[in-house]
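Before any comments, here is the structure.
Every read-out reported here was derived from the displayed coordinates using simple, explicitly stated rules and does not represent laboratory data. Not measured: the values here are computed from a predicted model. Positions of Cβ are generated from backbone atoms using ideal geometry, with glycine treated the same way; all protein chains shown enter the neighbour counts.
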Amino acid sequence: MSRRALASLAILALAACSPGAPAESAPSGPQARDGGRREVAVFAGGCFWSVEANFEHMPGVVAAVSGFAGGQVANPTYDQVVRGGTGHLEAVQVTFDPARISYRQLVDRFWRTIDPTDPDGQFCDQGASYATAVFASGTQKLVAEASRRAAVRTIGAARFVTPVRDAVRFWPAEAYHQDFARRNPVRYGGYSRFCGRAARLRAVWGE
C-alpha cells in the first residue's frame, strides 16, 4: 500500500463518523423559540452528526437529537449499532414548531442533504446502520410520500432508493454524540470535507 493510501486511511480513521474520545461538554447554542406547539420528525441520513447539523439551525426547529431508529434492540448503544445486527439506523429526531416551519419543509430539506441514490450508506460512511429513511407517522406519511414523489422527479425513480417508513421508537444516542458538529467544528469540518459531501450533493442535485 502506498504512503498516500496509508495517510488517507489514517485521516479517515480520525475523521469518520465514529465516537473517538468523548468530547468535552459545551453549553448549548441558542435554540429557536417556538409558538407553544411542538411536533417531531425522524430522519435517517447516514452519519447522525451531519443530519443534526443540517436541521438544528433552521428557523422553527426547536431541537435536533442524534440517536437510532428502526431496530429490534431496546435502548441500543452506539457500539451495538455500528457492530451490526440490531437493525437500527443512525437517525435524528427533530422537534419543531409547526407554526414556523412545516413538516413538508423539513422533508423537502432532508432530501437535499443526502444522496438518495446510495442503498449502502452515505458518502464515506458505508454499512447497514448508515442507510437512509424518513420515519413518518400517520398523517406525516402522506406528506412525506408526496415530498418523495417530487424529489423522485428530479432524480429519477430508478435511482431513488431512500424509503418512507412507518414511525418507530426513537432511542437517543450517548451524550458525546449530541451537537457534535457545533462542539467539534474542526474535527467535523475535516470529516465532512474528507467524505466529499458537498461535491457529491452537487453531483446528485445540481447547484
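Count the net charge of all other residues whose Cβ sits under 12 Å from the Cβ of Phe160, scoring Lys and Arg as +1 and Asp and Glu as -1. Local charge sum for Phe160: +2. A full extension of the chain between Arg112 and Gln126 corresponds to an added length of 3.2 nm, given 0.36 nm per residue minus the alpha carbon distance. Only one residue of Pro163, Ala150, Ile114 has its Cα farthest out toward the positive end of the dipole of the range 56-207, where Lys and Arg carry +1 and Asp and Glu -1 on Cβ, and that residue is Ala150. Net charge dipole, the range 30-187: roughly 460 debye, given to the nearest 20, about the Cα centre with Cβ charges of +1 for Lys and Arg and -1 for Asp and Glu. A crude spin-label estimate for the pair Arg202 and Gln80, with each label 7 Å from Cα along the Cβ direction, gives 4.2 nm. Peptides 54-61, 106-113, ordered by how many other C-beta atoms sit within 10 Å of their residues on average, highest first, read 106-113, 54-61.
By per-residue mean of other Cβ atoms within 10 Å, what is the highest-first order of 82-94, 191-203?
So the order, starting with the most tightly packed, is 82-94, 191-203.
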